[in-house]
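Just below is one structure, and these are the notes that go with it.
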Amino acid sequence: PTRILHIGHAKAINFNFGYARAHNGHCYLRYDDTNPEKEEEKFFVAIRDIVEWLGYTPYKVTYASDNFDQLYEWAESLIMRGKAYVCHQSPDQLKGHNPPPSPWRDRPAEESLQLFRAMRAGMYAEGEACLRMRLTMEDSKQDPVAYRIKYARHHRTGSKWCIYPTYDYTHCLCDSIENITHSLCTKLSDASLNDPSSGCRVPEPPVLLLLAVQRALDLYCPVQWEYGRLNVCNTVMSKRKILNLVQKKAVADWTIPGSLRRRGVPPEAVNLFAAKVGVTMASAYIDPSLLDACTREILNTSARAPWPGRRQIGRPDGARLSGQSGARGSHSIASFSASSGVLYLEREDFRDGGKAGAGAGFKRLTEDQPVGLKHANVAIAVRQVVRNAAGQVSELRAPSACLPLDSLPAKPKCFVHWVADPVQVEVRLYEQLFTMKNPEEHPDGLIAAMNPNSLAVKPGALADRYLLTAAAIQRRLQFDGWAIFIWIRTPARLAGLSLIELSR
């Protein structure tokens, strides 16, 4: 609990809780609170909140710190069994993939036990000593650290301890204490293989290490399964690197509640994404468009559409036209006449110069080409183009009445979005944060690989006034295509929503 979780953790949550649910089992939520320097209450709260937001309820919430006394007793037992020793190599000496072997590896058990108790009594400074497990490792692999010295107050045990166990040591032993049947771990995970407080890195999957510790103490060994970690293209999945970006203010937030949930991604979409990614031994590199597709799939069946299936369109001449019926309800909108006969279109939906000037492939509105209004079964044509002092188009004037589709010699080539009686909203459009598939490969670092256009804020967008009613009762609103309307004729005042967040 030193960070708020990201999409990679969501996959792990889905796999663990989902697997237990599928087999009528139980899943624990265990906090590995063994690093008091970086643990904060907000992380404990946020982690459980995310688990429950994804639709899972922990069978039991436990803490590694509940077992500190037992873990310490087992550490002394490991020393007396010749499976652990006190080492005085500095954290810097332990860093890297091929550090020098410890000159204290063959230290007598009685001496290590005495030194270990001195560590607990506070007779060493941080970094002067640590307890390492003497395990049979592959060539060039170092003995992992089991205990390190930290003079930090723990959120649950206070100042009782000045030595704290590492994840490598704690995780497997808590599994035995809690009688876990299946322990599911990602391969090469930052948490299990790289303890920054000790500098110790074990560049091997954790399964052999976990079993070795349990067997050294003659404890029950649950099933240990490894699976490949999730990697999403155009992003990074390291908590440490993410925190670095946040601290440098390169990003505002990068968490499940801070990004996915706030942007409207429902938990069902995250779970669907995890299911589609699947579980394999190999690390998966997934295109972020898969999450977008999962979000659309869920919202297509759960969100209420501000563009209704049935609309009543009022024309300035008093005639009324009905749109087609839809399966997800309907709502009424203000007629054209109620908004002084003004319609707002996207600026990109009109090109000056007629069909010839717009280009052969342009099918939307020009001075000599009408365009249909989506869901209204009518078309509009331009009668006059009004320009400002700079020569830019500021207003389009159309005939006093809309054109029924059956009155046209040919059906319009395109139907565009529009709004008649709008509210003003702010819209945020998101693109990929990084320009590279693997931004860590950029020679100048992550900051240099960032996309400067990853967020575009549109403070003056217009949307259907129905949002004022719907937003208060419906958290999920799906727009038909783009929800950005650039006004051509500015109204005197528009009251409305403060923010709508959308992704392309």
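We did not get these values from a lab; they are worked out from the coordinates using the rules stated. Just so it is clear, the structure is predicted and the values come from calculations on it, not from any experiment. Don't worry about glycine lacking a Cβ; one is built from the backbone with ideal geometry, like all the others, and counts go over all protein chains shown.
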statement: Quick calc: nm separation of the 7 Å Cα→Cβ label points for R261 and R387 -> 5.3 nm
field: Low-density loop positions, trypsin sites (Lys or Arg not before Pro), segment 380-420 - DSSP coil, at most 12 other Cβ in 10 Å
entry: R383, K413
message: Please compute one quarter of the surface area of the Cα convex hull for segment 1-108 and express it in square nanometres.
response: 9.8 nm²
field: segment 217-294: trypsin sites (Lys or Arg not before Pro) in DSSP loop, at most 11 other beta carbons within 10 Å
entry: K248, K249
